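To start, the structure under review is shown below, and the notes come after it.
The values are calculated or read from the model by the stated rules, or taken from the named source; none is laboratory data. Remember, it's a predicted structure, so these values are computed and weren't measured experimentally. Here the Cβ positions follow ideal geometry from the backbone for every residue, glycine too, while neighbour counts run over all protein chains shown.
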Amino acid sequence: MSMKTRLFGAVMAAGAALGLAVPATAQTATQALSRESVIETIKEDGVIRIGLSLFVPWSMRDVNGDLIGYELDVGRKLAADMGVEAEFVPTAWDGIIPALLAGNFDVIISGMSVTTQRNLTVNFSDPYAFTGMSVLLNTAMTEGMSLDELNDPSVTFAARRGATPVEVIMDVFPNAELLLFDEDGAAVQELLNGNAHATVTQISTVNRIAREFPDTLSTRPDVVYSPRGQAFAVRKGDPDALFFFNTWIAQQWRTGWLEERQRYWFESNEWEHLVTQ
């Protein structure tokens, strides 16, 4: 056998061995990722810990102090379908992503809109809700003003710190003064007190609050800002969690369950007696 033949045979054998090793190595890496997935932790602990921020009607306290809302329905059904308990961890909005990264909970289910900036830090599931935003006005303070005239240093907006409406206000009304608060309720109270001209928030919230205070507040139903989807947020590097959550969300869209829950919480006032005396 010639030297060339022996070398060729050796090269072919090495190549074959390498070809076998690569799939084996990839399989090992995949198995390791699966073992490290938060899904495995949830199954082992028998509980899914869900981070959320109180935001009517997504998540709120009823008259007895218990948590209710769209997120609570979603989280409880998700837990039931996984065969585990649901543990909700109320967290200030501006600290909710750092708290997820620190391992304070397994997933964020809190009406979080998908943005490229947030996607630099967390990964998002497919949307489990779709909303847009509109403007809520102090009627007396903005009487006769066009939306363009709200973009003025003499006009004050109020909003929840770190939330998507802040981005909208800064983009659409960059010249207006902006007051930031930890809760949406505080921003609305500024309008009711006459300390702010307007706020921007989700359409369902705008409509509900305008109905509640018809003599003081009003809205512009023809205006929709930043229509987008809301999704679960998970820590990066966990493809199994994303696959599972996406499969679950797709199933709930197919059955109509998510759509029915959205109609109840976002389009009706059937639940309002649960949070008011």
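Asp222 meets the conditions (1) surrounded by 20 or more Cβ atoms within 10 Å (Cβ to Cβ); (2) under 21 Å from Gly144 (Cα atoms); (3) among the acidic types (Asp, Glu) in every case but one. The failed one is (1). Each residue in the range 125-144 was checked for being surrounded by fewer than 21 Cβ atoms within 10 Å (Cβ to Cβ) and either part of a strand (DSSP E or B) or among the β-branched types (Val, Ile, Thr) (or both), and 6 pass.
The set of residues in the range 156-171 being crowded, with 19+ Cβ neighbours inside 10 Å and of a type outside the set (Phe, Trp, Tyr) consists of Thr156, Ala158, Ala159, Arg160, Ala163, Thr164, Pro165, Val168, Ile169. In the range 147-165, the condition of being within 18 Å of Met112 (Cβ to Cβ), among the small types (Gly, Ala, Ser) and in a strand (DSSP E or B) is met by at least one residue.
Being without any contact (Cβ under 8 Å) to a residue 40 or more places away in the chain and charged (D, E, K, R) is the requirement here; does Asp184 meet it? The answer is no for Asp184.
Looking only at the range 97-113, which residues are in a helix (DSSP H, G or I) and touching a residue at least 60 places away in the same chain (Cβ under 8 Å)? Within the range 97-113, Ile97, Leu100, Leu101 meet the criteria.
Scanning the range 166-183 for residues that are out of contact with any helix residue (DSSP H, G or I) (no Cβ under 7 Å at 6 or more places or on another chain) and under 15 Å from Leu54 (Cβ atoms) yields Asp182, Glu183.
Evaluated against (1) at pLDDT below 95; (2) in the same structural domain as Ile97 (by TED's automatic domain parsing); (3) of a type outside the set (Asp, Glu), Thr201 falls short on exactly one condition, (2).
Of the residues making up the range 84-96, those that are closer than 24 Å to Arg261 by Cβ and outside any helix (DSSP H, G or I) number 8.
Residues considered: Val122, Val114. Of these, the only one that is in contact with a Lys or Arg (Cβ under 7 Å, 6 or more places away or on another chain) and modelled with pLDDT of 95 or more is Val122. Taken as a whole, the condition of being over 30 Å from Ile42 (Cβ atoms) and loosely packed, with under 14 Cβ neighbours inside 10 Å applies to Asn175.
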